[in-house]
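Where a number appears in this text, it was derived from the coordinates with a stated rule and is not lab data. Keep in mind the model is a prediction, meaning the values are calculated, not measured. For neighbour counting, all protein chains shown are included, and Cβ atoms are generated from backbone atoms with ideal geometry for every residue, glycine included.
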Amino acid sequence: MTASLTTNYLGLELANPILPGASPLGDDIDTVLKLEDAGAPAIVMRSVFEEQIALEQMAAHKHLDSHVDPEFSSAFPDTDVFALGLDDYLEQVRRIRARTQLKVIGSINGITPGGWIEYAKKIEQAGASALELNLYAVPSDPKRSAQELEAEQLVTVRDVVRAVKVPVAVKLSPYYSSLPHFVRGLEEAGAFGLVMFNRVYQADIDPVKLESQRTLHLSTSDELLLRLRWLAILSPQTKLDLSASGGAHTAIDVVKAIMAGAHAVQAVSSLLRNGPSHVRALIDGLKTFLETQEFASVGEMRGNMNRARSPNPQAYERSDYIHILQSWHGNVS
Ligand SMILES: Cc1cc2nc3c(=O)[nH]c(=O)nc-3n(C[C@H](O)[C@H](O)[C@H](O)COP(=O)(O)O)c2cc1C
């Protein structure tokens, strides 16, 4: 029996569910061609950051305008920190569309309502088939409530959805008090998909130099567990297309994410570590698993380990919690 790997994600019919996620993997056309050769059906571009565009504009007008907010510009001292300027980014979307069959998913991280919309429209015009809104935010103002911040995010999503024709997915952090409630709000705002999750990058401290250290560590499969939990909880209760992002290193990681309810599985760290050909290893491993376990398709396997099987998901989570704590049988010396 030959198993079918096809999946639908964000209105796109994809030959398989493995997507190179938002990262530098899309920056260079040779890498993109290798990812396509290895079987990737689509690619998520890295995010356009609104600060990046603002800085580009400031740099262009430096000689005209001395009223640049010094706090803003010192927090982002150099436009070089951003790998692709907006024009280069749009050009790269066009180039990928022209040179490959890959569907391109653009990604945006804005700060002002106008910014999100402007970049969404430009990336759509350049040929993206869908957009990912990267809602990366770490709240630090005690005067602002969760409700207020969430309402703002939902307005952003709604405004972008109204401004473009292509499907819009939202990439979230896992830190919401009631993620299912927020996800319902995203559905009402018109989102098409959900990407779980953004990693919340945490700077370390150099205690001697008194500096913060911003080092990016690639993930391991351990990070998948958080995704599995939330895919399993959300997939029976949302109509959004779900994508896992975080900790997909092996074909079995991919299998688990699909069993928990994912329509697509994004990989970044494993591709940066092993190279573009790792896409082929993930696809082949997924196919072998389906065939060995006698699943006819990815669709047949999707969600077979989600919480739809549990009459009381809250009690199930609590029981998981207690079981896992009680399962430790190591020696305390
Ligand atoms: C070098 C690098 C750059 C990244 N850039 C972005 C980005 O621009 N936008 C975004 O939403 N996520 C970005 N990410 C996060 C990844 O898309 C992904 O969510 C995260 O790495 C977890 O997936 P993984 O375990 O497969 O690496 C980046 C990750 C890495 C390693």
Legend entry - residue 187 versus residue 320: modelled label distance in nm, points set 7 Å from Cα along the beta carbon direction: 2.0 nm
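Among the listed pairs 34/121; 171/209; 122/287; 239/287; 34/287, which are separated by more than 32 Å between their Cα atoms?
171/209; 122/287
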Inset, instruction - Towards the positive end of the charge dipole of region 206-325, with charges on Cβ (+1 Lys, Arg; -1 Asp, Glu), say which of 248, 310, 269 has the farthest Cα. - result: 310
Inset, instruction - Give, rounded to the nearest 20 debye, the magnitude of the charge dipole that the chain has about its Cα centre when Lys and Arg contribute +1 at Cβ and Asp and Glu contribute -1 at Cβ. - result: 980 debye
Legend entry - Residue with peak Gaussian network fluctuation, the chain [Cα springs, cutoff 10 Å], from 36, 150, 132: 150
Inset, instruction - Report the longest stretch of the chain that contains none of the trypsin sites (Lys or Arg not before Pro) sitting in a DSSP loop with at most 12 other Cβ atoms within 10 Å. - result: 240-333
Inset, instruction - Work out the charge dipole of region 7-326 with +1 on the Cβ of Lys and Arg and -1 on the Cβ of Asp and Glu about the Cα centre, then indicate which of 100, 205, 116 is farthest towards its positive end. - result: 100
Legend entry - Of all DSSP beta bridges in the chain, antiparallel share, percent nearest 5: 15 percent
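So how much slack lies between residue 1 and residue 222, counting 0.36 nm per residue of separation and subtracting their Cα-Cα distance, in nm?
76.3 nm
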Inset, instruction - Could you pull out every residue, at least 5 positions away or on a different chain, whose amide H is within less than 5 Å of the one on residue 48? Hs are placed 1.01 Å off N in the peptide plane, and Pro or chain starts have none. - result: 107, 108, 109
Inset, instruction - Hand me the chymotrypsin sites (Phe, Trp or Tyr not before Pro) from region 201-299 located in a DSSP loop with no more than 15 other Cβ atoms within 10 Å, in residue order please. - result: 201
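Can you run the Rg to Rh ratio on region 7-326? Use alpha carbon positions and the Kirkwood inverse-distance Rh.
0.97
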Inset, instruction - State, to one decimal in nm, how far the label point of residue 296 lies from the label point of residue 13, with both points 7 Å from Cα in the Cβ direction. - result: 1.7 nm
Inset, instruction - Starting from the Kirkwood radius over alpha-carbon pairs of region 206-333, derive D by Stokes-Einstein at 20 °C in a medium of 1.002 mPa s and give it in µm² s⁻¹. - result: 129 µm²/s
Legend entry - Vicinal HN-Hα couplings computed from phi for region 19-30 (Karplus, 6.51 cos²θ - 1.76 cosθ + 1.60; Hz; Gly/Pro x): 10, x, x, 4, 4, x, 4, x, 6, 10, 5, 5
Inset, instruction - Starting from the Cα of residue 256, draw a straight line to each of the aspartates and glutamates and keep only those under 12 Å, dropping any in the same chain fewer than 8 residues away. - result: none
Inset, instruction - Let me have the 222 nm mean residue ellipticity of the chain computed from DSSP H runs of 4+ only, each contributing -39500 (n - 2.57), with the sum over all residues rounded to the nearest 500. - result: -13000 deg cm²/dmol
Inset, instruction - Quick one: which residues, 5 or more positions from residue 6 or on another chain, have an amide H under 5 Å from its amide H? H modelled 1.01 Å from N in the peptide plane, none for Pro or chain starts. - result: 298
Legend entry - Theoretical FRET efficiency, 1/(1+(r/R0)^6), r = Cβ-Cβ of residue 176 and residue 202, R0 22 Å, to 0.05: 0.75
Inset, instruction - Name the long-range amide H neighbours of residue 172: under 5 Å, sequence gap of 5 or more, or other chain; modelled H, no Pro or chain starts. - result: 195, 198
